[in-house]
1. Inside the range 1-59, counting only strands (runs of 3 or more DSSP E) that do not spill past its ends, which hold 2 or more residues that are in contact with a Cys (Cβ under 7 Å, 6 or more places away or on another chain)?
2. Go through the range 115-147 and give me each residue that's open to solvent by 60 Å² or more (accessible area, probe 1.4 Å) and at pLDDT 95 or above.
3. Taking the range 188-214 only, how many residues are assigned to a loop (DSSP other than H, G, I, E, B) and under 20 Å from the mean Cα position of the chain (by Cα)?
4. Quick one: Phe94 ticks every box in (1) more than 22 Å from Ala194 (Cα to Cα); (2) open to solvent by less than 30 Å² (accessible area, probe 1.4 Å) bar one, so which box is it?
5. So which residues in the range 167-192 are closer than 13 Å to Arg95 by Cα and open to solvent by less than 20 Å² (accessible area, probe 1.4 Å)?
6. From the list Leu234, Leu195, which residue is modelled with pLDDT of 95 or more and either open to solvent by 40 Å² or more (accessible area, probe 1.4 Å) or within 25 Å of Ile43 (Cα to Cα) (or both)?
Amino acid sequence: MCYAYATHFDRNKLKQRYGLADVPLSGYHFFNSAFNRPLLPVITGLHPASLHLLSWGLVPHWARNAEQADEMARRGFNARSETVAEKPMFRDAFRKGRCLVPAAGFYEWRTEGSTKYPFFIYPVSEDGICSLAGICTLKTDSETGEEQGSFSILTAPADACMAWIHNSKLRMPLILRKEDEAAWLDGNEAEANALIQRGASDAYAAFPVSRLASSARSNRDVAEVCAPFTYPELNLPW
């Protein structure tokens, strides 16, 4: 699963990375928890030259009321890539609302007995940015004309490295290769399914971080949360 990721980008690098006309002033954090329902920068297929701040936790268009929308959102932080085209909650967004979720890295936990060790997994690239495959729903506010919406991050079976880190669930975000981003946004369903079958990019590295990452009561929006940390008892396989 993926319930925490980082967006502490250099805004100029972000603009260059995606060829954006402009980027919002907010949404850039060292730690974003899905359970806080944050507004985060997303690139949609409808507006590929812009960043939109969307709420993490997909709400399908058929949600009847605020209570159901909240329930759906908490079930919609992630969508399994293997079933996203079939599940009623996600299939319309997969067909019509695929998006890119820019990330500076994400967090997962290794479990050993009753102990959990947090890790930061980050892209190996010059700009330190990768795109997670996402799906989104958009609606236009009738009063302001602004687009609002929500998104979900697709997950895939973990590769060998991520299976060692996220050993309790054996899942990872679907990290897109840079050359596949346009096809994810603009391609048809067959092309999108082919990218899912291809699996996540392995152009990433990882290291343990302090247990600040696990402390929901602490301020985790600090550089320390994604800084390398050593656990003497933890034997890394790399």
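1. Working: elements: 4-6, 39-44, 52-56.
In the range 1-59, 39-44 are the strands (runs of 3 or more DSSP E) which contain 2 or more residues that are in contact with a Cys (Cβ under 7 Å, 6 or more places away or on another chain).
2. Within the range 115-147, Lys116, Tyr122, Val124 meet the criteria.
3. Taking the range 188-214 first, the residues assigned to a loop (DSSP other than H, G, I, E, B) are 188, 199-203, 210.
The next check asks that each one be under 20 Å from the mean Cα position of the chain (by Cα); those that pass are 199-203.
Counting residues in the range 188-214 that are assigned to a loop (DSSP other than H, G, I, E, B) and under 20 Å from the mean Cα position of the chain (by Cα) gives 5.
4. Among (1) more than 22 Å from Ala194 (Cα to Cα); (2) open to solvent by less than 30 Å² (accessible area, probe 1.4 Å), the lone unmet condition for Phe94 is (1).
5. The answer is Trp184, Gly187, Ala192.
6. Details: Leu234 fails: either open to solvent by 40 Å² or more (accessible area, probe 1.4 Å) or within 25 Å of Ile43 (Cα to Cα) (or both).
Matching residue, one of Leu234, Leu195: Leu195.
The values are calculated or read from the model by the stated rules, or taken from the named source; none is laboratory data. No experiment lies behind these values; they were computed from the predicted model shown. Every residue, glycine as well, gets a Cβ built from its backbone with ideal geometry; the counts of neighbours run over all protein chains shown. In case anyone asks, the SASA skips ligands and DNA or RNA and just uses the protein heavy atoms, side chains included. Shrake-Rupley method; radii C 1.70, N 1.55, O 1.52, S 1.80 Å.
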